[in-house]
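As structure tokens, the structure follows; a few thoughts come after it.
The values are calculated or read from the model by the stated rules, or taken from the named source; none is laboratory data. These numbers were taken from a predicted model, which means no experiment stands behind them. Here the Cβ positions follow ideal geometry from the backbone for every residue, glycine too, while neighbour counts run over all protein chains shown.
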Amino acid sequence: MQPLERLRQNIQTVFYGRSEVITHLLVGVLARGHVLIEDVPGVGKTVLARALAKSLNCQFNRIQLTPDLLPADIIGVSVFNQEKQTFEFKPGPIFANIVLADEINRTTPRTQSALLEAMNDASVSIDSQTMSLPRPFMVVATQNPFEFEGTYFLPENQLDRFLLRIQLGYPRRDREIAILTEQPGRHKLDNLEPVISADEILALQGQTAQVKVDQVLLEYLMDIVEATRRHDMLHTGLSPRGSLALMQAVQALAMVNNRDYVTPDDIKELIVPVCSHRVITKAYISNGDVSTAQRIMQEIMQSVPCPL
């Protein structure tokens with residue numbers, strides 16, 4: 001069995017939601033990206049993130065974001081050692097391969113910004129020193145919808161660091177009955193065993209970068225990007241970072257689907273989860289509710305002619 005299929009099946013033993021959600025999570029892994037999971041409480045956001053972490057044979061840390069959390073609680077602090085008469089750095093939970101930032105929008109913008117350098121450069125700076133984070137490195141963040149009590153908006157520059165923003169939705173009726181019967185998040189999750197190593201993940205990430213993207217599809221992708229910059233309802237379209245994220249994501253989706261080349265359907269599938277949180281609408285500026293941006297991205301996808 002292929003490593004990615006083993007990983008998918010392992011996650012499916014505890015997460016009974018939609019299969020495309022797992023696909024998009026695997027895209028984030030292969031594309032070296034971070035994933036933001038947004039939905040109402042109780043639909044399995046934390047279960048999904050923990051299932052991914054436990055399926056990988058690498059270090060995992062969970063950060064419960066709260067209003068009183070400080071940046072040092074994430075990055076770490078320097079402590080004076082009385083015996084050695086020197087300062088010693090005590091690393092925070094960000095020093096792990098998979099970091100679950102649970103309820104990321106319940107903490108203050110100051111603390112949210114502590115994650116920016118780590119997510120962008122896979123390193124942190126403290127006491128005039130830059131320290132690299134382990135490889136592979138991935139942040140899986142969960143958040144409640146912005147209209148819920150005690151939530152803060154995520155800054156646009158932090159949203160832009162997430163490769164995908166995905167929503168789980170409610171499970172199908174038969175799957176929810178299985179959840180009620182088996183309670184996989186309580187019983188099976190604790191016994192979940194890793195099925196893929198960190199070295200295998202790094203190798204797969206290297207292969208993902210070699211997936212072929214035909215010139216015609218690059219032109220199609222750029223047509224979509226430029227359409228966001230001209231759209232009457234958008235104040236800000238996709239940046240070059242956004243277009244690069246889309247290309248890396250579609251290469252990863254091809255790998256997940258056991259192909260070494262990208263198809264137009266790969267681009268169409270990922271337009272909304274990769275791009276909708278990177279644009280700002282003229283109708284209103286909101287970091288939490290992207291329903292309008294999602295609709296606009298779908299309209300753009302339908303309006304841009306597909307080459308194949």
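Anything in segment 132-179 that is modelled with pLDDT of 85 or more and more than 22 Å from the chain's Cα centre (by Cα)? List them, or say none.
Arg172, Arg173, Asp174, Arg175, Glu176, Ile177, Ala178, Ile179
Would you point out which residue out of Leu270, Leu221 is in a helix (DSSP H, G or I), free of Cβ contacts under 8 Å to residues at least 60 places away in the same chain and under 25 Å from Gln158 (Cβ atoms)?
Going through Leu270, Leu221 in turn, just one is in a helix (DSSP H, G or I), free of Cβ contacts under 8 Å to residues at least 60 places away in the same chain and under 25 Å from Gln158 (Cβ atoms): Leu221.
Return yes when Ile94 is closer than 20 Å to Ser125 by Cβ and either in the same structural domain as Glu200 (by TED's automatic domain parsing) or in a loop (DSSP other than H, G, I, E, B) (or both) and no when it is not.
Yes: the conditions hold for Ile94.
Checking Thr66 against (1) among the hydroxyl-bearing types (Ser, Thr, Tyr); (2) buried (at least 17 other Cβ atoms within 10 Å of the Cβ); (3) within 19 Å of Asn105 (Cβ to Cβ), only one condition comes out false. Which one?
Failing condition for Thr66: (2).
Looking only at segment 180-197, how many residues end up being part of a helix (DSSP H, G or I) and at pLDDT 90 or above?
Going through segment 180-197 one residue at a time, the tally reaches 0.
I need a count of the residues in segment 69-84 that are outside any helix (DSSP H, G or I) and crowded, with 18+ Cβ neighbours inside 10 Å.
Number of matching residues: 2.
Of these, Asp39, Asp102, Asp73, Asp68, which one is acidic (Asp, Glu) and within 12 Å of Val139 (Cα to Cα)?
Matching residue, one of Asp39, Asp102, Asp73, Asp68: Asp102.
Can you tell me which residue within segment 47-90, out of those that are closer than 17 Å to Leu7 by Cα and not hydrophobic (A, V, I, L, M, F, W, C), is farthest from the chain's Cα centre (by Cα)?
Asn57
For Asp102, indicate whether it is closer than 18 Å to Gln158 by Cβ and surrounded by fewer than 21 Cβ atoms within 10 Å (Cβ to Cβ).
When the stated conditions are applied, Asp102 passes them.
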